[in-house]
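A short write-up of the structure that comes next.
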Amino acid sequence: MKGQIFRDDFEYEVDRSASNAEVTFRAHGWSDVKANNSYYQRGAGFLFTQFDSTLGSRVLVMESRPSMAKVPPGFGYAQTDYYLKYGKGEGALASIPPCVWIQFWTYATPESRFSRRDKTIYPCRGPYPCGRGQLGWLFMWGSSGFESSPAPPGGRFLALEGERADFRGDLEYPTNARKLFQNVEKIPLLAGRWYQVRLHLDVSGEQGIYEAWIREKEKPWRKVAEWIGGVTKNFLWPIPVEERIGFSVLAMPTTVNGPGDSITYMDDFVLAVSEKDLP
């Protein structure tokens, strides 16, 4: 597998009021769509495209409405269950390699209200949702992420949960061993601004790696997270040999927690095998 694995600039029309959004998304490389405006007709979320004047292009809109969902027994809030899904491969023919670079633009409306953490990019080695040993990692964002202080209203911190990550420097170890926060710079993504996000995830070797960068439009990249197993202080991320393989599918955003609703935009979503293959 070489170069860019997948790229979508969302330069096509999908209506919020549609009932068959999956038709157009599938025509542009996605394997399935669950949303209130797809054939599922549920999920407490809408996936559609619209023109954005700042970028001068069409963008994906991920409209999360947990307020439309029922609160599950034992929960204090409702959740969405909607997604775009990419990939169909398995094992050696996996759609997403174990070492992958992900890049996209993102924007949150000023009215958005995020929970502490929401699932955002969810890969599986088997069918979605994942069983134990099938996840590897889970990328999230939210009002706090795994930080001690929240972002301003509508803001988001990046966060990652590594299935076998072992950070021994946390005061609440081992409870927080898998919770990887912005350990380089604690810069949130503020509402009402476009940011480009670049992620590097590698579970192809003995130790896992997670790195993240952000930048505003026409500004330089700033690294916000660097977790390298066996290199980062007090951090190991051992990957069993049988788990040094790729992922069959990737879904986003999946579970967005209430009680607040949020609307995020995304543009130019790219999966690549190396940094040099990113636009």
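Overview of values
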{"read-out": "Semi-axes of the equivalent ellipsoid for region 116-194, Cα gyration tensor, largest first, Å", "value": "23, 18, 9"}
{"read-out": "Rel. contact order, % - alpha carbon contacts under 8 angstrom, at least six apart, the chain", "value": "28"}
{"read-out": "Region 31-167: relative contact order in percent, alpha carbon pairs under 8 Å with at least 6 residues between", "value": "16"}
{"read-out": "Pairs from Lys85/Lys233; Lys70/Lys179; Lys85/Lys223 whose Cα-Cα separation, in the structure shown, is over 31 Å", "value": "Lys85/Lys233"}
{"read-out": "Residues of region 55-153: accessible area per residue with a 1.4 Å probe, Å²", "value": "42"}
{"read-out": "Heavy atoms of Ser95: accessible area, 1.4 Å probe, square angstrom to 10", "value": "20"}
{"read-out": "Descending semi-axes in whole angstrom, ellipsoid equivalent of region 10-80, from the Cα gyration tensor", "value": "25, 15, 9"}
{"read-out": "Viscosity 1.567 mPa s, 4 °C: Kirkwood-radius Stokes-Einstein D of region 88-261 over Cα pairs, µm²/s", "value": "79"}
{"read-out": "Cysteines (scope the chain) whose Cβ has no counterpart Cys Cβ under 4.7 Å", "value": "Cys99"}
{"read-out": "Estimated dipole of the chain in Debye, rounded to 20 [Cβ of Lys and Arg +1, of Asp and Glu -1, Cα centre]", "value": "360"}
{"read-out": "Normalised contact order of region 10-80, rounded percent, pairs of Cα under 8 Å and 6 or more residues apart", "value": "26"}
{"read-out": "Residue-averaged 222 nm ellipticity for the chain, from DSSP H runs of 4+ at -39500 (n - 2.57), nearest 500", "value": "-500 deg cm²/dmol"}
{"read-out": "Positive-end extreme of charge dipole, the chain - chosen from Ala18, Pro72, Ala108 (charges on Cβ)", "value": "Pro72"}
{"read-out": "Cα-only radius of gyration and Dmax that characterise region 194-234, units Å", "value": "12.3, 37"}
{"read-out": "Dipole of the chain, positive end: most advanced residue of Phe181, Val203, Ser95 [Cβ charges, Cα centre]", "value": "Phe181"}
{"read-out": "Which of Gly136, Pro150, Cys124, positive extreme of dipole for region 122-170 (C-beta unit charges)", "value": "Cys124"}
{"read-out": "Carbon and sulfur %, accessible surface of the chain computed with the full protein complex present, 1.4 Å", "value": "50"}
{"read-out": "Per-residue SASA entry for Glu216, accessible area with 1.4 Å probe, Å² rounded to 10", "value": "50"}
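The values are calculated or read from the model by the stated rules, or taken from the named source; none is laboratory data. Because the structure is a prediction, the values reported are computed rather than measured. Every residue, glycine as well, gets a Cβ built from its backbone with ideal geometry; the counts of neighbours run over all protein chains shown. Side chains included, ligands, DNA and RNA excluded: accessible areas come from the protein's heavy atoms. Shrake-Rupley method; radii C 1.70, N 1.55, O 1.52, S 1.80 Å.
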